[in-house]
1. For the subset of the stretch 67-84 comprising residues that are farther than 18 Å from VAL194 by Cα and of a type in the set (D, E, K, R), which member is modelled with the lowest pLDDT?
2. In the list VAL342, VAL328, VAL349, which residue meets the criterion of being in a helix (DSSP H, G or I) and free of Cβ contacts under 8 Å to residues at least 12 places away in the same chain?
3. Step by step: first the residues of the stretch 1-43, then only those that are in a loop (DSSP other than H, G, I, E, B) and not charged (D, E, K, R), then the one that is farthest from ARG258 (Cα to Cα). Which residue is that?
4. Inside the stretch 3-51, can you point out the residues that are over 17 Å from the mean Cα position of the chain (by Cα), polar (S, T, N, Q) and closer than 29 Å to GLY390 by Cβ?
5. Any idea which of (1) under 30 Å from PRO376 (Cβ atoms); (2) without any contact (Cβ under 8 Å) to a residue 12 or more places away in the chain is the one LYS6 doesn't satisfy?
6. Considering only the stretch 382-396, I want to know if a residue exists there that is part of a helix (DSSP H, G or I), of a type in the set (D, E, K, R), touching a residue at least 24 places away in the same chain (Cβ under 8 Å) and within 25 Å of TRP264 (Cβ to Cβ).
7. Of the residues LEU73, LEU59, LEU54, which is among the hydrophobic types (A, V, I, L, M, F, W, C) and over 20 Å from the mean Cα position of the chain (by Cα)?
8. Which condition does THR310 not pass, out of (1) in contact with a strand residue (DSSP E or B) (Cβ under 9 Å, 6 or more places away or on another chain); (2) polar (S, T, N, Q); (3) modelled with pLDDT of 90 or more, if it passes all the others?
Amino acid sequence: MKLNYKRTILIGFAFMSILSFWQFYDQVIPYLLEKDFGLSTFWTNAVMAIDNILAIFMLPLFGAISDKTRTPLGKRTPYVLFGTIAASGLMVILAFAHKLNSFPVFMVTLLVLLVVMSVYRSPAVAYMPDVTEKPLRSKANAIINLVGYVGGIFSTIMMMLLLKSETLEDGTKVYKEGQSFLPVFLVVAGFMLVSVLVMTLTVKENKLPHVDDEPQPEEDASKGKKVDKKVGLSLFMILLSVFFWFMAYNAVSTAFSRYCVEIWNVDLSASSSYLLVGTVAAIAAFVPLGFLSSHLGRKKTIMGGVVLMTVCYVCGFFIRQATPIMYVLFGLVGIGWAAINVNSFPMVVEMCKGGDVGKYTGIYYTFSMAAQIATPLLSGLLIDNIKSAGYLLLFPYAAVFSALAFVTMIFVRHGDNKPPKKKSVIENFDVDD
């Protein structure tokens, strides 16, 4: 049994397209909403939470619908292909709506765009397992994660290159007079479309043998049985930890571009470069963290990651101007986040009964998604209403929730183990983001 690397990489182009969009979306859209259209921080963050609200019910819905779809292109490809075509077209409309300063058109287009992205995300996720044998899926998922990161890095670099600024006499950096966001919209939209077209033209889904799931016994003896009370407490505590560290991390990732403008007087190009360092550091850390987990165990590795991120958030508060030190801090944040992602979901799975893995997977993502809905609203409300601090609240806010995640992890007594050594280096990139 051997993994088809070429085919897996090409299927990963769908993720490359998707991640290029979200990296662009998280950086540019909140800036435009607040700076160009004049929304408050709360309402800007409320808009940024819409995709997570849609995801709660649309991802499972269209995942299930695509399971039953049969077309000449396959059951997943039509959603990915036509969804990307629609999303790319909507991005062009969005760019012109911004250029014409038409807020109603901008908002309607953005809402439709977020719905379209939710329609084809699950089919894209399901494509690889459809055509990959179970023993090879960890390695295949690792490859797809790496290909996906290329999309995020591409968008970051394009924002750095295409969005130009100038320095005023007081040292403030602002975008040049008449600065247009149209080029970066068009480049990212074009990249998304080309990525998926390459996948569609080179991988013929209907001609591939689809892997049937292993037949399940009519009744799983462990399914539906209550979890032991002590295990249940550990399970609740780690899920609470998931909620807290997403409350911290997502608040920073959502508001950081605006933080850079308000506090450091630097533009999106600079903020993108900090985030790029964090992404690259996370990628570089996956392999050593895999080895570290196998020696220390998952819980200690997670707690180390949480401590690292908390310290970085605290340090970030005291830095009041752009400095190269921030590259170090964001690199460490990336490493801490990778330490959490490598180990948190496997710990949850360890604690549930074999027949209830799907159920607890859903609960895990409910906690993470709930945090990503709540934290933009809560952080935005605080930033808007505590005028004396404003965006200076961002890093203390993140530090508090990150510290809470450490406290709740202390009470996790089950689900920890030392994961077996990966069969190959590439499997260290098989993580849940």
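1. The qualifying residue modelled with the lowest pLDDT is ASP67.
2. Just one listed residue meets the conditions, VAL328.
3. Across the stretch 1-43, the extreme among qualifying residues is MET1.
4. Selection gives SER40, THR41, THR44.
5. (1)
6. Yes, that holds for at least one residue.
7. LEU73
8. For THR310, the exception is condition (1).
The values are calculated or read from the model by the stated rules, or taken from the named source; none is laboratory data. Note that the structure is predicted; figures quoted are calculated from it, not measured. We place every Cβ from the backbone using ideal geometry, glycine too, and count neighbours over all the protein chains shown.
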